[in-house]
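One structure is given below, encoded as structure tokens.
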Amino acid sequence: MAIGKGTRAVKWAVCEALRKRAGEWTAPAELAAETLDAPAEVERAVEELRADGYVIGRRRGGKIRFAGCGDRLIAHEITRDLKTRIIGGRVTVLERVASTNDAAWQEALSGAPEGTVIFAEEQTAGRGRMGRRWFSPPRSGLLFSVVLRPELEVRQSHLLTVASAVAVAEALQERLGVPARIRWPNDITVRDRKVAGLLVEGRSLATGSAFVLGIGVNVRVRAREFPPEIRETATSLAAETGTPPERNDLACALLASLDRWYGDLRLGEYGHIARRWRRISSTLGERVMLLESGREFRGRVLDLSLEDGLIVRLDEGVTRIFHPSTVTLRQMPERRRGLTRRR
Ligand code: BTN
């Protein structure tokens, strides 16, 4: 008796065979002959691929045709061309979750390997820095969290924010050609509006420190869909480029970029990371207003320190360092003037 390939292997063999003929109508029996699987297994694989989100048409007579992934995020699409060392060894896409950071913590605490990634199509309680909410409507963005176990202490989590911010900004620049910048400490902006945010959470465990890096990217949100309180300050990639990018491709590019920069961080290449960070920063040299424990400070940013935070020459003439865990940065009002409304 022939030994079967296993349901998963049949599914991906059928997926690749269909993809090769994208746009062409094919009889399932022809696919079965090509993949050396039983016709019933091919039919089951087609149903499973559909359940994953692939669009597979069927016409009278039974011929089928591959028509892409619709608007769905699919783990196999994200990882198909992903060649990384650490990030994305395991990728899961959930339909709806409170927060991908919580889901990733569950994985981390039950021993998931470093680099495990959880995406969600929607979050009901997506969170941002300082207790803020992250707007996470269904199928409009990339919402994901990564389990990381670097040899860092929890108090050094800022290093992860920096390396990840560089990775996200660089992926958006290189993949989509958008002028993405880093607004200290964890915002990715395009033309001064926030397009993505990062949230690093760390815990010290008996086995060492574990971190969850959460990333939210506004991909297809239209300007009028943002809640009123962020409508003037947020943007999406679709609004900036005019065409919504394919989310699986973008997810793959983001994971690849994270893998590169996280790899450098693990090797202790802090100087290299800091140089790139300063170059992409939209905060360095700017006039800023900072809120710390209800007090307001104004001044000009002299430098960004990986270890300590923002080094600011205050208007009173003294230089102070602000740590990202205690401070909120506000754009100076004059910087926002003259910005045009988006679609
Ligand atoms: C911020 O800008 O303050 C950080 C926003 C981080 C949002 C992402 S969305 C995916 C992950 N899950 C969460 O609950 N938050 C992060």
Restricting to the range 205-222, count the residues that are more than 20 Å from the chain's Cα centre (by Cα) and under 25 Å from residue 167 (Cα atoms). 2
Give me the pairs: first residue in the range 2-13 and among the aliphatic types (A, V, I, L, M), second residue at pLDDT below 75, beta-carbon distance under 8 Å, and six or more apart or on different chains, which are they? 10/4; 13/5
Please work out which one of (1) at pLDDT 95 or above; (2) of a type outside the set (D, E, K, R); (3) not in a loop (DSSP other than H, G, I, E, B) is the condition residue 150 fails and give its number. (3)
Take the conditions part of a strand (DSSP E or B), at pLDDT 95 or above and hydroxyl-bearing (Ser, Thr, Tyr) and apply them to residue 257. Does it pass? no
Give the number of residues within the range 138-169 that are touching a helix residue (DSSP H, G or I) at 6+ places or on another chain (Cβ under 7 Å) and either of a type outside the set (A, V, I, L, M, F, W, C) or not assigned by TED's automatic domain parsing to the domain that holds residue 251 (or both). 3
If you check 251, 223, which single one turns out to be surrounded by 14 or more Cβ atoms within 10 Å (Cβ to Cβ), touching a Lys or Arg at 6+ places or on another chain (Cβ under 9 Å) and aliphatic (A, V, I, L, M)? 223
Considering only the range 43-61, I want to know if a residue exists there that is of a type outside the set (Lys, Arg), part of a helix (DSSP H, G or I) and farther than 28 Å from residue 138 by Cα. yes
For the range 288-296, state whether one or more residues are hydroxyl-bearing (Ser, Thr, Tyr) and not assigned by TED's automatic domain parsing to the domain that holds residue 142. yes
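One line per residue, one yes/no per condition, for (1) more than 10 Å from the ligand (Cβ to nearest atom); (2) touching a residue at least 24 places away in the same chain (Cβ under 8 Å); (3) of a type in the set (S, T, N, Q):
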{"site": "178", "(1), (2), (3)": "yes, yes, no"}
{"site": "186", "(1), (2), (3)": "no, yes, yes"}
{"site": "193", "(1), (2), (3)": "yes, yes, no"}
{"site": "210", "(1), (2), (3)": "yes, yes, no"}
{"site": "213", "(1), (2), (3)": "no, yes, no"}
{"site": "217", "(1), (2), (3)": "no, yes, no"}
{"site": "220", "(1), (2), (3)": "yes, yes, no"}
Would you be able to say whether some residue in the range 154-161 is small (Gly, Ala, Ser) and under 27 Å from residue 243 (Cα atoms)? no
Using beta carbons and a limit of 6 Å, which pairs, at least six apart or on different chains, have the first residue in the range 17-33 and under 16 Å from residue 69 (Cα atoms) and the second one not small (Gly, Ala, Ser)? 17/31; 17/34; 17/35; 18/66; 19/66; 22/66
Options 128, 89, 68; residue that is surrounded by fewer than 18 Cβ atoms within 10 Å (Cβ to Cβ) and at pLDDT below 95: 68
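The values are calculated or read from the model by the stated rules, or taken from the named source; none is laboratory data. This one's a predicted model, so the numbers in the text were calculated from it and none came from an experiment. Neighbour counts are summed over all protein chains in view; Cβ atoms, including those assigned to glycine, are modelled from backbone coordinates with ideal geometry.
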